[in-house]
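Visitor: Below is the structure I would like to discuss, written out as structure tokens.
The values are calculated or read from the model by the stated rules, or taken from the named source; none is laboratory data. Since the structure is predicted, the reported quantities are computational estimates derived from the model, not experimental observations. Every residue, glycine as well, gets a Cβ built from its backbone with ideal geometry; the counts of neighbours run over all protein chains shown. Side chains included, ligands, DNA and RNA excluded: accessible areas come from the protein's heavy atoms. Shrake-Rupley method; radii C 1.70, N 1.55, O 1.52, S 1.80 Å.
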Amino acid sequence: MIHHYYYQYIGSMKLRKSWWKKLLVAWVVFWFIFCFGVFWFMSSYAVEKRKESLASMCDERARMLQDQFNVSMNHIQAMSILISTFHHGKYPSAIDQKTFARYTERTAFERPLTSGVAYAVKVLHSEREQFEKQHGWTIKRMDTVEQEPVHKDDYAVEKLEPSPVQDEYAPVIFAQDTISHVVSVDVLSGKEDRENVLRARASGKGVLTAPFPLLKTGRLGVILTFAVYKRDLPSNATPDERIQAADGYLGGVFDIESLVEKLLQQLASKQTILVNVYDITNPSHPISMYGSDVSGDELEHVPLIFGDPFRRHEMRCRFKQKPPWPWLAITTAIGILVIALLVGHIFHATLNRIAKVEDDYLKMTELKKRAETADVAKSQFLATVSHEIRTPMNGVLGMLQMLMDTDLDVTQQDYVRTAQASGKALVSLINEVLDQAKIESGKLELEAVTFDLRAILDDVLSLFSGKSQEKGIELAVYISEQVPDSVIGDPGRFRQIMTNLMGNSIKFTERGHIFVTVHLVEEVRDFIEVETELSLRNSLSGLPVADRRRSWAGFRAFCKDMPSSLSLSSNSLVNLIVSVEDTGCGIPDEAQSRIFTPFMQVGPRSGGTGIGLSISKCLVSLMNGEIGFASVPKLGSTFTFTAFFSNANSSSTKKQPTKNQNSSASAEFQGMTALIIDPRQVRVKVARYHMLRLGINVEVAPDLNQGSVIISTGKPCIDMVFIELEVWNEYLKDDSSSINKLRIVKNGTRLPKLFLLTNSISSVRTSNSGTSDFDTPCIIMKPLRASMVAASLQRVMGVGKKGNSPNGVLPTLPLQHLLRGRKILVVDDNTINLKVAAGALKKYGAEVDCVDSGKKAIEKLSPPHHFDACFMDIQMPEMDGFEATRKIREKEHYINERIHHGEETAGTYKNISSWHVPILAMTADVFQATHEKSLECGMDGYVSKPFEAEQLYREVSRFFNKSSEQ
């Protein structure tokens, strides 16, 4: 079509051939002139930029050289004042050669360009003989070496000739070790040095020599000289007065070649240009101080000011390489010209472009398909790896659980528990890697169920209680009273965040405490100064901690311009701020910037996968919150995050089963009063928090004396006393005082029950002296949890129910009652998994039948059958669980339809008019997509491997409870 319109348009044009040629020639000439102008402009611009770059680099080097020289000059001038004060101003002198050498060696870094410093004292001819006897050497002449230079290895100061007779001498008496060979040399006997010294003492300023070969080394150098005057010389003294007041001359030796080279080594671009330093005091005969003589049009001249107005210096720079060809200008001009020449072929170029776009589109489509295929392959790979790892782990953990149900001695039980813990740790590691994969693919989603925040944190405390007690560190949780009892969110992911943060704290904390606090954001905003003033008296363990305010410094919720609707909680929305504070080793400064980077670890001893914090940050983001931290090495860390939840009291949603032990236990302790004796306010706040959860009134005393007074008055009546370990230890130190305090307590109508709060049982001090007439305190191990405290009170005080099962484990009898006589089919191609599932269900009285393929499952579950439920593995050979479930549902639907339409009677199918056997997916694939696919194909539930007996029970009991209700 384009070709058609193109040739139709060109064919209809009435243009003369000669006019077209003239237009084409004019077009070519115009663009040729234009391209030449572009070439000239760009070439000139490149030359100017090259000059500017050379000037900038040369000026940079000149500034560095001047700055370093000024630093050295100022320090030499300061040394001249030091010598005037401590050598000439004190008698005897406080400076000798050894002191001078040591001082100059230690302060050499303050004179970065000097290779040595020496001091020559002023000696009159009349004082020469006495001076030489005093120092034990003869004043040597410098001119000899200048006239007859020797090799540096043959140089010896003893071979120098004595200085000739003159009115005044300036022998070197002090010298830095690097130039100690100049000691005894008369600097006034050398031509350059003599002129230098005379100008220095007359002007009172530092003066430079012309470049000359240095003694011994023979390298080119200069000497900066300052005159040392009497201390009482006025600042406005005349030159004659300065000459008379001069006591000596301090000189700094500059080895120009080596020092300039070292200075230039600091610059990354030192190889780009050549640098030369010249003494241009005599403009017609400049002296090269550094580098070889250079000439050319590209030279850049930068004056150098070294503080001596008499001598002038200059730095000259040029590029090492010749200017490159202006390829950019050439290519640009040629390119423009080529484009202009190709305008006549615009339609041809357009067609080529269209064809190219079409090809590119096809390639992009192909690349997109490949990328999508690769993403599917990645997900499938992770699912397969997950399945292949979790399937044998299901067998291992299942068999270990079955082994625990056999008769084992204590040692064997310990071995089995250790193996179970290791297996669960491996499963947890697999879950972390899979969570990271879901995060990267954007497939991680949160649930919305009602849960008890306090119960979740109690469970997490229980998880780490053993490790904290083993280490003897304080572990505590405090939740503000303003935080609702129940919120709506994802309890599993909230628990995962807390487990990651507290797990890190436990891992890196060897002493002190770990303190978890939960508040509403507006609470912290209103009382931010009060809540965060930390000291030794109001931290949990008394140790200093990192300032938690730094952990939320950048949060949007604390910005002044943050909308109140997003930062504050409301009746329907709760914005929580959670802090985990520890006194561990802290995070190194260099590792803090990458703490949330996946698979990054802060040190070799950190262990783990390095993705826990990365996953936590993603989960916090999904909760519309933020996470941050404050850490000080060797002091501790504080991690803080915010999260939005819905208020359960104002929303209706599905609820997560929660334990009601606390609510039932609180009724048993209503009206009771507890006395907490502890001088530390934070610990009192934690203990009060757990007591109030049980409905117990709380009184507080900072020490045992005040506690005894409260108990003895009987108002209020104290039922129980909680004493902190350190207070109890003080209580046992003095027997007489202990007895007196206990007598005060015993004067009451009844003795309150005593409870001792401690972190570690090994740290409890036991003593029978003075307590034989009284009950021994009951020990409550920290961390405190409401259920644990309630159990201890019930046991000691004899109240409450005593038939509760330990650790919240479901009693076996109801399980057997629910599953006894139930017929359950287990389908799995793995023999071990069949054993595990069958063993778990048979344990509670169920009758289990096992098959190893989907086809056999279809045969077994074809109505009529006698099965109450089916556990179906998803990944099986020949026919997977999805396909088998579809076929089973198709058969059930077909039979139900026939019964409904009267084509079949219900009596043929055991008088069941609606067949639907509960089928639960049983697989090691934990991806959400697999869960959704299992529901789509007709399955009723989902069980992830590795599973436990209670997990199997809960899934089956959902349907049995429904059937019993119906």
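Visitor: Rounded to the nearest percent, how much of the accessible area of the stretch 363-440 (1.4 Å probe, protein heavy atoms only) is carbon and sulfur?
Guide: Its accessible area is 62 percent carbon and sulfur atoms.
Visitor: Tabulate in residue order the Karplus-calculated ³J(HN,Hα) for the stretch 102-111, using 6.51 cos²θ - 1.76 cosθ + 1.60 with θ = phi - 60°, rounded to whole Hz; enter x for Gly and Pro.
Guide: Going residue by residue, I get 5, 5, 5, 5, 6, 9, 5, 5, 7, 10 Hz, with x marking Gly and Pro.
Visitor: Provide the packing ranking of 246-257, 701-712, 392-403, 781-792, i.e. peptides ordered by the mean count of other C-beta atoms within 10 Å per residue, highest first.
Guide: Working: 246-257: 23.7, 701-712: 17.9, 392-403: 19.5, 781-792: 21.3.
Packing order, densest peptide first, comes out as 246-257, 781-792, 392-403, 701-712.
Visitor: For the stretch 61-138, report the accessible area per residue in Å² (1.4 Å probe, heavy atoms, rounded to an integer).
Guide: Per-residue accessible area for the stretch 61-138 comes out at 55 Å².
Visitor: Further question: Once fully extended, how much extra length lies between Glu372 and Ser53, figured as 0.36 nm per residue of separation less the alpha-carbon to alpha-carbon distance? Kindly include the intermediate steps, with their values, before the conclusion.
Guide: Numbers: separation 319, 0.36 × 319 = 114.84 nm, distance 4.95 nm.
So the chain would gain 109.9 nm between Glu372 and Ser53.
Visitor: Could you sort the peptides 363-370, 630-637 by per-residue average Cβ neighbour count (10 Å cutoff), highest mean leading? Intermediate results must be reported in sequence, preceding the final value.
Guide: Values: 363-370: 10.0, 630-637: 19.6.
Result, highest mean Cβ count within 10 Å first: 630-637, 363-370.
Visitor: Dipole of the stretch 363-440 (Lys/Arg Cβ +1, Asp/Glu Cβ -1, origin at the Cα centre): which of Val433, Gly398, Gln413 lies farthest to the positive side?
Guide: Val433
Visitor: Still on this structure, I have one more. Under a cut-off of 15 Å between alpha-carbon atoms, report the aspartates and glutamates in cross-link reach of Lys856, not counting same-chain residues fewer than 8 places apart.
Guide: Hits, sequence-local ones excluded: Asp828, Asp829, Asp873, Glu878, Asp880, Glu883.
Visitor: Quick one: how many Å² of Glu955 are accessible to a 1.4 Å probe, rounded to 10?
Guide: 40
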